[in-house]
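Contents: one structure, followed by commentary.
The values are calculated or read from the model by the stated rules, or taken from the named source; none is laboratory data. Since this is a predicted model, take the numbers as computed values, not measurements. For neighbour counting, all protein chains shown are included, and Cβ atoms are generated from backbone atoms with ideal geometry for every residue, glycine included.
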Amino acid sequence: MLAWLFHSVGNLVEQKRLLTYTLKLLREWGDEHKVAPALSDLSEAIRLLNLREEGIQCAKEALGIFERLGNTADQARCLIALARALYDSEQFDAAVEATSRAIDILPEKGEQLYVCRGHRLLGDTHDSKG
């Protein structure tokens, strides 16, 4: 996706603009299977721009869609993204809750990368809490 090219060269503002426009089109088309990943990507771009509350809201909306669609692996990935946004906002208890939930719903095989990311985020969060 063109938005990720902007991300790779560090132009996060343009990445956010393109993802926002893409999301608008996907919403008009009514395709929740594409809206949810777009929201998740937008949440990460927004988080990197330090627009914390906006990023948290996008991640929560994406999570709700993934839950309705019954997509467990994407729910877990979205929970990890939400937890990162919560961590950046110093909402440590909520970050721990989201991360723990993600780890709990991930399958034992095939998603080890996200399990590792979750455990690392738990460690960082507990370290930040003291």
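Residues of the stretch 10-42 being in contact (Cβ under 8 Å) with a residue 24 or more places away in the chain and of a type outside the set (A, V, I, L, M, F, W, C), which ones?
Gln15, Lys16, Glu32, His33, Pro37, Ser40, Asp41, listed by residue number.
Output the residue which, of all residues in the stretch 103-118 that are within 16 Å of the chain's Cα centre (by Cα) and more than 21 Å from Gly70 (Cβ to Cβ), is surrounded by the most Cβ atoms within 10 Å (Cβ to Cβ). Explain how you work it out, then say what you get.
Step one: list which residues in the stretch 103-118 are within 16 Å of the chain's Cα centre (by Cα), which gives 103, 105-106, 111, 113-118.
So of that shortlist, the ones also more than 21 Å from Gly70 (Cβ to Cβ) come out as 113, 116-117.
Details: Leu113: 11, Cys116: 11, Arg117: 20.
The residue in question is Arg117.
Is it true that some residue in the stretch 48-57 is closer than 25 Å to Gly110 by Cβ and out of contact with any helix residue (DSSP H, G or I) (no Cβ under 7 Å at 6 or more places or on another chain)? Walk me through how you get there before you give the answer.
Within the stretch 48-57, the first condition is being closer than 25 Å to Gly110 by Cβ, and the residues that meet it are none.
The answer is no, given that none of the residues of the stretch 48-57 is closer than 25 Å to Gly110 by Cβ and out of contact with any helix residue (DSSP H, G or I) (no Cβ under 7 Å at 6 or more places or on another chain).
Going by what's in this entry, would Glu54 be described as in a helix (DSSP H, G or I), within 15 Å of the chain's Cα centre (by Cα), surrounded by 14 or more Cβ atoms within 10 Å (Cβ to Cβ) and free of Cβ contacts under 8 Å to residues at least 40 places away in the same chain?
Yes.
Scan the stretch 43-51 and tell me whether some residue there is assigned to a helix (DSSP H, G or I), without any contact (Cβ under 8 Å) to a residue 12 or more places away in the chain and surrounded by fewer than 22 Cβ atoms within 10 Å (Cβ to Cβ).
No, the conditions are met nowhere in the stretch 43-51.
Mind checking whether some residue in the stretch 60-81 is among the hydroxyl-bearing types (Ser, Thr, Tyr), assigned to a helix (DSSP H, G or I) and touching a Phe, Trp or Tyr at 6+ places or on another chain (Cβ under 7 Å)?
no
Check Gln15 against each of (1) at pLDDT below 90; (2) in a helix (DSSP H, G or I); (3) surrounded by fewer than 22 Cβ atoms within 10 Å (Cβ to Cβ) and name the one condition it does not meet.
Only one criterion in (1) at pLDDT below 90; (2) in a helix (DSSP H, G or I); (3) surrounded by fewer than 22 Cβ atoms within 10 Å (Cβ to Cβ) is unmet by Gln15, namely (3).
The conditions are (1) touching a Leu at 6+ places or on another chain (Cβ under 8 Å); (2) within 21 Å of Leu12 (Cα to Cα); (3) among the small types (Gly, Ala, Ser), and Ser89 fails exactly one of them. Which is it?
(1)
Take the residues of the stretch 82-102 that are in a helix (DSSP H, G or I) and acidic (Asp, Glu): which is surrounded by the fewest Cβ atoms within 10 Å (Cβ to Cβ)?
Ranking the candidates gives Asp93 first.
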